[in-house]
Amino acid sequence: MKILLWTSRLIVGTIFILSGLIKANDPHGFSYKLEEYFEVFAHDMTHKTEMVLTEDGEKIKDEPCAEVFKEGMYAKEETPIPEEELAAGVPFMLNMFSFFGENALALAIFICVLEIALGLSLLHGVFLRWSVWLLLLLTVFFSFLTFYSAYYEKVTDCGCFGDALKLTPWQSFYKDIFLLAFILPLFIWQRTLAKTKESNAARLAMLTASSIGMAALCGLQFDWWLPAVLLGVFHLIFEVGRAWKPNTGANWGMALALVITTGFSVYCSAFEPVKDYRAWAVGKDIREGATFTPDRASIQMVYIRKSDCLEVRQPTDNWDWLDSTFEATHLFWKQDQTILEKGQEPGIKDITLRDSYSGEEYGDSLFKTKGYVLLGAYNHLNEASASVIEAQKALIPTARNAGILYLLAAPDFDEVLNEFKNENQLDIPLCFNDEKALKTILRSNGGLVLIKDGKVVAKWAARNLPSPDDLSSLLQR
């Protein structure tokens, strides 16, 4: 039992700290995922699903064989539930989802810090009973979320490890079940765990093993050593605290570790992620990021044989089977395809950059222009800071003198964009683009990205935009 509990603490603690640090590196990205979950739940609570006859079903509904394919004749259709017919408690839940959605960034930072705190609690043996309870509740809750997303195909990526490691909902669900298998022994024997006095040798073995495991994960999977470094710093803080005050030093170590992780996450929310895993990271070629590999599929024509109402599938690579006899004895049902090899979705998509005033599209300019292109992205134009706008305006003469294309983009209607452009006297293109695509480019509202020959060479958050002299020096390289 001791070996099982020790192993469970090691695995769960290390994974929770790693997950928390990866998400703390990009709290905005995690908040977007939380908002998506809240929107999904709010939608499902206010809509009902009905089965309606499809176009293909209409074709065979009066045929003798229709009953055999009854399930395939219908599709799900969602309709809003009238407000007066909503179940009891739904309005409260909707208000709660709305509140969480409006404060998603703060919630994201809180969850990241909580995960790190729970992981450190397991590894260092402090507040164990509280931590085990919270770990169980959190993991059961996230297991429900990931199962719901997977079963109903609601959210395609759980965001457990941000953009660093994409997991499908089913993979995320299996990951949560894996963690539950190690959390349950801790929960069952929590009294024994809390009362057991750990030897110095056992504690040092735990800290050493967790550091080695974290370093292995960072090097092999995440290509980022900061989580391993921070874990080493946390271990050092705890040990110094124990040496300083044997009875309460670990508690002070926990407090200091939480201050560090909170500060790190707040810093990353104010600027760009320290480690950028997106296709728009500095050094990335956006032309490669926009490359799309389609699925390789086998397309088949599905018919119903009238004599026995059985399904018959015919290939489309040749049509020798199709003749008058076949048509007379079979009823066409639908076209189907089998994925032979899954393609690859592009990391960069939905880039159009349509000028709100002229209607000209500049999306291809990012990928095809020889030389520099400077792009500023607003995720929320109505929250744009006056100082940020002035800092961006100050760069216009520098960009014009260097002969480079300078664009600003925001996800608003043309009327809003034109009004914003006139109010701030911007004599550069102000373009519409999809909000999700802009959030992928820059987390910071009003940041800038500099592209040269299709490669990202620099990025700035709204809080540290370059001066005209800095930009001029960079363009001369």
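The values are calculated or read from the model by the stated rules, or taken from the named source; none is laboratory data. Keep in mind that what you see is a predicted model, and the values were worked out from it rather than measured. Please note: Cβ atoms are built from the backbone with ideal geometry, for glycine as well, and neighbour counts cover all protein chains shown. Surface areas here come from the heavy atoms of the whole protein model, side chains and all, with no ligands, DNA or RNA. Shrake-Rupley method; radii C 1.70, N 1.55, O 1.52, S 1.80 Å.
In terms of solvent-accessible area of protein heavy atoms at a 1.4 angstrom probe, what is the ranking of MET51, MET93, MET254, highest value first?
Working: MET51 110, MET93 60, MET254 15 Å².
The ranking, largest first, comes out as MET51, MET93, MET254.
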Checklist outcome for this item: Distance in nm between LEU134 and GLU341 label points, each 7 Å along Cα→Cβ, equals 4.8
Checklist entry - Along the Cα-to-C-beta direction of ASN251, a point sits 7 Å from the Cα; which residues of the stretch 94-136 have their amide N less than 11 Å from that point? => result 127
Item to check | Label point distance in nm, ASN318-SER385, each placed 7 Å from Cα along Cα→Cβ | outcome: 6.9
Item to check | In Å², nearest 10: area of LYS368 left accessible to a 1.4 Å probe | outcome: 150
Item to check | Residue-averaged [θ]222 nm for the chain, counting only DSSP H segments that reach four residues, each worth -39500 (n - 2.57) | outcome: -16500 deg cm²/dmol
Checklist outcome for this item: With a 30 Å threshold on alpha-carbon distance, the violating pairs from LYS306/LYS342; LYS154/LYS452; LYS175/LYS245; LYS370/LYS459; LYS2/LYS154 are LYS306/LYS342; LYS154/LYS452; LYS175/LYS245; LYS2/LYS154
Checklist outcome for this item: Surrounding charge for LYS306, neighbours by C-beta under 14 angstrom, Lys/Arg +1, Asp/Glu -1, total -4
Checklist outcome for this item: In the stretch 44-192 the accessible area split gives carbon plus sulfur, as whole percent at 1.4 Å, a share of 63
Checklist entry - Tell me, what is the 1.4 Å probe accessible area of ARG287, in Å² to the nearest 10? => result 100
Checklist entry - Taking only protein heavy atoms and a 1.4 Å probe, what accessible area per residue, in Å², does the stretch 74-200 have with all protein chains in place? => result 56
Checklist entry - Given a 1.4 Å probe and the protein chains all in place, what does the accessible area of LEU180 round to, in Å² to the nearest 10? => result 30
Checklist outcome for this item: Counting only protein heavy atoms with a 1.4 Å probe and every protein chain in place, the carbon and sulfur fraction of the accessible surface of the stretch 391-477 in whole percent equals 46
Checklist entry - Looking at the P(r) of the chain, how many percent of alpha-carbon pairs lie beyond 44 Å? => result 32
Checklist entry - Hey, can you rank 331-343, 215-227 by average C-beta count inside 10 Å, highest first? => result 215-227, 331-343
Checklist outcome for this item: Full extension between ALA243 and SER467 adds, at 0.36 nm per residue less the Cα distance, a length in nm of 75.8 nm
Checklist outcome for this item: Here the gain from full extension of THR168 to THR325, 0.36 nm per residue of separation minus their alpha-carbon distance, amounts to 51.9 nm
Checklist entry - When only Cα pairs under 8 Å and 6 or more residues apart are kept, what is the percent relative contact order across the stretch 331-415? => result 30
Next on the checklist: Distance between the C-alpha centers of the stretch 158-222 and the stretch 332-363? Whole Å please.
Outcome noted: 38
